[in-house]
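The values are calculated or read from the model by the stated rules, or taken from the named source; none is laboratory data. Worth saying up front: this structure is predicted, and the values here are computed from it rather than measured. Counting neighbours? That spans all protein chains shown, and the Cβs are built from the backbone with ideal geometry, glycine included. Areas reflect the complete protein model, heavy atoms only, side chains present, ligands, DNA and RNA absent. Shrake-Rupley method; radii C 1.70, N 1.55, O 1.52, S 1.80 Å.
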Amino acid sequence: MNERRHHAGDMSQSNRRRSAAPTSPASPYGLPVIRRAHWGWLVVVYFFLGGLSGLSAVVAALASLTRGSAASETVRAGRYLSLAALIPCPLLLILDLRKPARFLNMLRVIKLRSPMSLGVWGLILFSLVSGLGVARQAASDGFLGAGRLAAVTRRLPEQTLAIVTIPLGLFLAGYTGVLLAATAVPLWAKRGLLLGPLFLSSALSGSAAAIAAALAVRRPSHGEVTALARLERIATLAEAALLWGWLTRLGATAKPLMSGGTGRAVRHGAAGAGLALPLVLNATATITPAHWRRSLTLIASALTLLGGFLLRYAIVFGGNRSADDPAAAFALTRAEPRR
Amino acid sequence: MADSAIAFSAKPNFRSEAVGFLTDATLCIGCKACEVACKQWNDLPADNLGPMTGMSYDNTIALGAETWRHVAFIERTADESAIGSPVTWLMLSDVCKHCVNAACMEACPTGAIIRTEFDSVYIQPDICNGCGYCIPACPFGVPQLSAAGAAQKCTMCYDRLRGGLEPACAKACPTESIRFGFVEELYASGVARIAQLRERDVDARLYGDRMLGGTGAIGGLNALFVLNDAPETFNLPAAPDLPQRIVPRAFAATAAAALVLCAAAIAAMQERS
Ligand code: SF4
Ligand code: SF4
């Protein structure tokens, strides 16, 4: 209610300022046509950690399936990282509810056209399967001791777990883009087909960067670090192409991503720090002496992760700004087919 | 002219038992009896009116968690640039559209939003967990989270309907600007009203109808509106569509991207000599 009054105050002032000039017939008093979500930082952090957890597990699974013991460091780091990023996720989702005690009502139904419903189920399935994968890893790393538990856990089918983890991890990282696309918010809905792929590629570059950083701390010249750097480069290029394509195809609807804090987060954060700088740093790392390599890899990884975080910040908060903009809402709902 | 325009408008597929509203902007006198009757019957708190908004006589501004009918006042001037030029008023009592395919209901992950036996769209207050997904999903900006944390909007007075009474707003409206009835019949009288108004040279249109570009995959509205200006003038989208239409395609696009990225990842992680 307070927000609404506040907003009304803004609007009446701008209306007064404009009152002598001809105004557009659309949207009296410039009031919003649709309403913004209450989602903020909790959702941004969840989108970031969910993507990181999902694709760290996917990278680990792909590495274990195609490289086996030759990539054992990548597999181990990927699995533990995935678990660390996963643990806060349910908590963030629950805290974002206005009635957190009713979280379990999410499990009353499964709705195929509600990405949020699918996402909750996907998160639960992913947690179960990747949890078993982590347990198996912990058992072979000796963290479960030498007793019965460790023996049983070590007998879990590694390959099957890896194969099942892959689609679930990809789903966890990508569904959030579909969730945003299936709203009336112009920034999210207008070119919504690209949001899932954008989130996926950004989660992949972030996961590769994070795993590479974990390995580089000890052995920066290791072959697995170079392989992860290659992976990070490919994912970063895909992310750059998708981000550029999305922004240009949005046209005037991209306004919230071109101006203000969310605009700076896209330009300097997602594009500058998150895409351009890591590409340069990682390229430099390949031709520098070994003792520089570690720092370059670590800095590049940190920047990639920061960029991925700021990308999600800009998309969530920019979407809220876009929901307040009647011109954007009307542009999405003209009498022509919309997408 | 009026006849040909109407002949082109295909009739939406309303369910036969569906009831709803026909709200006629040309009959509204802006008395706000509907807003007050709604608040009284549904025991909703008064809007916390601070300083006047300066938006004509509109101080409720928008539909909200505790405002389920909202009377919009729009001032049209013949000459925008001339200060003191005469003003004509547009008034319209806005309400939840009780969409035939409702975006809020499709979005809701708890199943709190249901379709009733009257074909209205109802939020069960004891199920909603305040996830807030229905709020940006609605193409008309209708539901809002209440201070207590649940999403709220017009219930079409479900309790009154169960008791055989019409909704409080329709009952209170002194000019029959708000009519309640079977949607099929309301649609027919809406079409007749448009024809009548057009004969009198009023720029009239039925909102929720294909004449305006329709409602896309929403498939029609159970709350129809007779408008005497463009929908945007009343802050209504001209051609709304169901946001969930994109879901299958968006998952397919994401899956395709996932395949490509996985293939690239496998290639990137191979040993190079
Ligand atoms: S107008 Fe909005 S809140 Fe009402 S039924 Fe349609 S989608 Fe739901
Ligand atoms: S806020 Fe409540 S009614 Fe709205 S989608 Fe979430 S659970 Fe459903």
Apart from one, (1) part of a helix (DSSP H, G or I); (2) more than 8 Å from chain B (Cβ to nearest Cβ); (3) free of Cβ contacts under 8 Å to residues at least 24 places away in the same chain; (4) over 22 Å from A:Thr66 (Cβ atoms) all hold for A:Gly177; the odd one out is (2)
Restricting the search to the stretch A:74-106, which residues are outside any helix (DSSP H, G or I), touching a helix residue (DSSP H, G or I) at 6+ places or on another chain (Cβ under 9 Å), open to solvent by 20 Å² or more (accessible area, probe 1.4 Å) and within 14 Å of chain B (Cβ to nearest Cβ)?
-> A:Lys99
Lone unmet requirement of (1) farther than 17 Å from B:Trp41 by Cβ; (2) within 14 Å of chain A (Cβ to nearest Cβ); (3) near ligand 1 (Cβ under 9 Å from one of its atoms) for B:Gly130 | (3)
Could you tell me which residue of the stretch B:18-54 is surrounded by the most Cβ atoms within 10 Å (Cβ to Cβ), considering only residues that are among the acidic types (Asp, Glu) and over 20 Å from the mean Cα position of the chain (by Cα)?
-> B:Asp47
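Conditions (1) touching a residue at least 12 places away in the same chain (Cβ under 8 Å); (2) open to solvent by 10 Å² or more (accessible area, probe 1.4 Å); (3) touching a helix residue (DSSP H, G or I) at 6+ places or on another chain (Cβ under 9 Å), marked per residue:
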residue: A:Ala212; (1), (2), (3): yes, no, yes
residue: A:Leu215; (1), (2), (3): yes, yes, yes
residue: A:Ile234; (1), (2), (3): no, yes, yes
residue: A:Leu242; (1), (2), (3): yes, yes, yes
residue: A:Trp246; (1), (2), (3): yes, no, yes
residue: A:Ala252; (1), (2), (3): yes, yes, yes
Looking at the stretch A:115-152, which of its residues are without any contact (Cβ under 8 Å) to a residue 24 or more places away in the chain and within 14 Å of chain B (Cβ to nearest Cβ)?
-> A:Ser117, A:Trp121, A:Ile124
Counting only residues that are more than 8 Å from every other protein chain (Cβ to nearest Cβ) and under 19 Å from A:Arg334 (Cα atoms), which one in the stretch B:235-254 is farthest from the chain's Cα centre (by Cα)?
-> B:Arg245
Kindly list the number of the only condition in (1) assigned to a loop (DSSP other than H, G, I, E, B); (2) touching a residue at least 60 places away in the same chain (Cβ under 8 Å); (3) more than 14 Å from chain A (Cβ to nearest Cβ); (4) not hydrophobic (A, V, I, L, M, F, W, C) that fails for B:Tyr187.
-> (1)
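Residue-wise test of (1) more than 8 Å from ligand 2 (Cβ to nearest atom); (2) surrounded by fewer than 24 Cβ atoms within 10 Å (Cβ to Cβ); (3) closer than 21 Å to A:Asp96 by Cβ.
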{"position": "B:Cys108", "(1), (2), (3)": "no, no, yes"}
{"position": "B:Asp119", "(1), (2), (3)": "yes, yes, no"}
{"position": "B:Cys131", "(1), (2), (3)": "no, no, yes"}
{"position": "B:Phe140", "(1), (2), (3)": "yes, no, no"}
{"position": "B:Cys154", "(1), (2), (3)": "yes, no, no"}
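What about B:Pro174, is it part of a loop (DSSP other than H, G, I, E, B) and of a type outside the set (A, V, I, L, M)?
Taking the combined requirement at face value, the residue satisfies it.
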Note on the stretch B:142-152: residues aliphatic (A, V, I, L, M), within 9 Å of ligand 2 (Cβ to nearest atom) and open to solvent by less than 20 Å² (accessible area, probe 1.4 Å) are B:Ala150, B:Ala151
